[in-house]
1. Given B:341, B:347, which one is surrounded by fewer than 16 Cβ atoms within 10 Å (Cβ to Cβ), touching a strand residue (DSSP E or B) at 6+ places or on another chain (Cβ under 6 Å), at pLDDT 95 or above and farther than 19 Å from residue B:201 by Cα?
2. Count, please, the residues in the stretch B:145-166 that happen to be out of contact with any helix residue (DSSP H, G or I) (no Cβ under 9 Å at 6 or more places or on another chain) and touching a residue at least 24 places away in the same chain (Cβ under 8 Å).
3. Taking the stretch B:36-55 on its own, how many of its residues are within 14 Å of chain A (Cβ to nearest Cβ) and out of contact with any helix residue (DSSP H, G or I) (no Cβ under 6 Å at 6 or more places or on another chain)?
4. So which residues in the stretch B:180-224 are in contact (Cβ under 8 Å) with a residue 60 or more places away in the chain, surrounded by fewer than 17 Cβ atoms within 10 Å (Cβ to Cβ) and not in a helix (DSSP H, G or I), if there are any at all?
5. Considering every residue within the stretch B:146-166, establish whether at least one is part of a loop (DSSP other than H, G, I, E, B), over 21 Å from residue B:370 (Cα atoms), outside the structural domain of residue B:366 (by TED's automatic domain parsing) and touching a strand residue (DSSP E or B) at 6+ places or on another chain (Cβ under 9 Å).
6. Take residue A:5 and decide whether it is part of a loop (DSSP other than H, G, I, E, B) and under 24 Å from residue B:354 (Cβ atoms).
7. Out of the residues in the stretch A:16-38 that are touching a strand residue (DSSP E or B) at 6+ places or on another chain (Cβ under 6 Å) and surrounded by fewer than 22 Cβ atoms within 10 Å (Cβ to Cβ), which is nearest to residue A:79 (Cα to Cα)?
């Protein structure tokens with residue numbers, strides 16, 4: 001069973017969110033297992049405005065390209081530049097050093113899953 | 001309905017990620033496709049190829065039937081040889097690429113791709129009809145397991161005895177397994193065939209035994225190979241290995257729309273008498289313009305993939321047929337089918353998801369194993 005940290009929120013697109021001044025976003029261990037070896041990541045740019053539920057980047061594994069979705073609407077304030085030369089970090093540490101970007105959101109209400117909700121989704 | 005090999009449960013127990021491949025539920029990787037790729041180049045890998053088709057053509061006119069059905073000159077093949085060949089339709093389009101093994105004067109085994117097994121079987125039956133020969137689909141009778149890598153010979157010989165070491169490349173021999181070095185494996189006395197063929201660019205064997213011994217053979221090889229670092233290898237690594245070795249994949253480089261001339265396989269088209277299926281069309285195609293397969297080192301960090309356009313001076317001259325990051329070389333590589341043949345070292349441009357990316361024309365194969 002892949003790891004699902006209790007303190008994070010989740011989306012049905014297999015992303016995790018750590019709330020704070022800015023929200024930190026990454027992909028889950030489940031997503032990493034599905035993707036396999038990650039060879040390339042295209043992240044949004046700092047300053048980009050993104051809309052909840054729409055693609056804002058891509059992750060490419062040895063076999064396929066998958067989209068990264070913005071979990072909430074807002075402005076990208078930081079991206080994980082280290083992933084440009086070391087995309088495999090996502091696979092090695094998806095909840096830590098493999099974070100993708102940080103997003104300052106508006107005050108909208110977002111329906112996110114908690115750990116239990118995400119666990120039900122992936123274990124069904 | 002999805003098919004499974006006799007090793008299916010074993011793969012899931014090993015934690016393999018499974019995918020549907022040509023209607024079979026097969027392991028795409030066990031842990032990391034990149035690690036599995038390196039293991040084959042540096043030690044050895046174990047492959048379940050039970051999804052591939054074993055089609056037997058037997059009888060007094062078996063070789064003539066194959067001469068008619070395929071591009072190959074089967075009659076001229078010595079017993080114990082393997083030959084790479086193709087089966088074409090009446091227009092000279094490639095239905096499948098395959099390996100023909102001459103097991104005896106009147107017995108041939110044709111191994112076809114999983115995706116084309118039923119089609120190739122039907123064509124062989126039809127094409128052999130006028131000959132004193134029988135075509136049987138014995139796919140379900142056989143387990144096919146491959147061991148590939150620099151340690152493959154050492155490992156396999158622990159099960160077969162030392163004589164198999166003399167088997168040369170593209171030869172096939174009858175084998176009888178010994179359980180002496182792998183206690184409790186249940187392979188004692190099991191008979192089958194070993195072929196020194198493969199799809200990785202490394203040395204190795206493809207082992208054919210009765211299907212009921214699939215698990216016993218896999219477990220025996222696992223045990224025999226443990227001291228040398230033998231690991232199970234899935235389809236993802238199989239693809240990067242064959243790509244580095246410059247080997248075509250049916251569905252990518254080879255299709256019904258390509259003749260052998262379009263894919264650099266003119267040498268397979270024998271100047272035989274004008275009576276094998278496709279010969280008339282191929283005789284015409286031999287003198288007409290055709291496409292070329294070229295190898296490319298792709299710049300940048302993003303791999304080129306099947307279907308991406310290839311351009312020179314703004315004009316589309318072809319398409320990427322296969323592409324991936326090369327674990328052994330450390331850069332992205334691709335094979336493309338172009339309407340012209342560039343010089344080695346020339347630059348072309350590939351449309352990588354909207355970004356024009358340069359690539360350099362290189363020789364195939366990308367990788368050759370150290371001799």
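The values are calculated or read from the model by the stated rules, or taken from the named source; none is laboratory data. Every value quoted in this text rests on a predicted model; they were computed, and no experiment measured them. Virtual Cβ from ideal backbone geometry, glycine too; neighbours counted across all protein chains shown.
1. On the way: B:341 fails: at pLDDT 95 or above.
It is B:347.
2. Count: 1.
3. So the first thing to find is which residues in the stretch B:36-55 are within 14 Å of chain A (Cβ to nearest Cβ), and the list is B:36-39.
Retained after the next criterion (residues that are out of contact with any helix residue (DSSP H, G or I) (no Cβ under 6 Å at 6 or more places or on another chain)): B:38-39.
Residues in the stretch B:36-55 being within 14 Å of chain A (Cβ to nearest Cβ) and out of contact with any helix residue (DSSP H, G or I) (no Cβ under 6 Å at 6 or more places or on another chain): 2 in total.
4. B:210
5. Scanning the stretch B:146-166 turns up at least one residue that is part of a loop (DSSP other than H, G, I, E, B), over 21 Å from residue B:370 (Cα atoms), outside the structural domain of residue B:366 (by TED's automatic domain parsing) and touching a strand residue (DSSP E or B) at 6+ places or on another chain (Cβ under 9 Å).
6. Considered against the rule, which asks whether it is part of a loop (DSSP other than H, G, I, E, B) and under 24 Å from residue B:354 (Cβ atoms), residue A:5 comes out as no.
7. Going through the qualifying residues, I end up with A:24.
Residues checked against (1) in the same structural domain as residue B:325 (by TED's automatic domain parsing); (2) over 20 Å from residue B:208 (Cβ atoms); (3) in a strand (DSSP E or B); (4) in contact with a helix residue (DSSP H, G or I) (Cβ under 7 Å, 6 or more places away or on another chain):
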position	(1), (2), (3), (4)
B:26	no, no, yes, yes
B:34	no, yes, no, no
B:95	no, yes, yes, yes
B:108	no, no, yes, yes
B:115	no, no, no, no
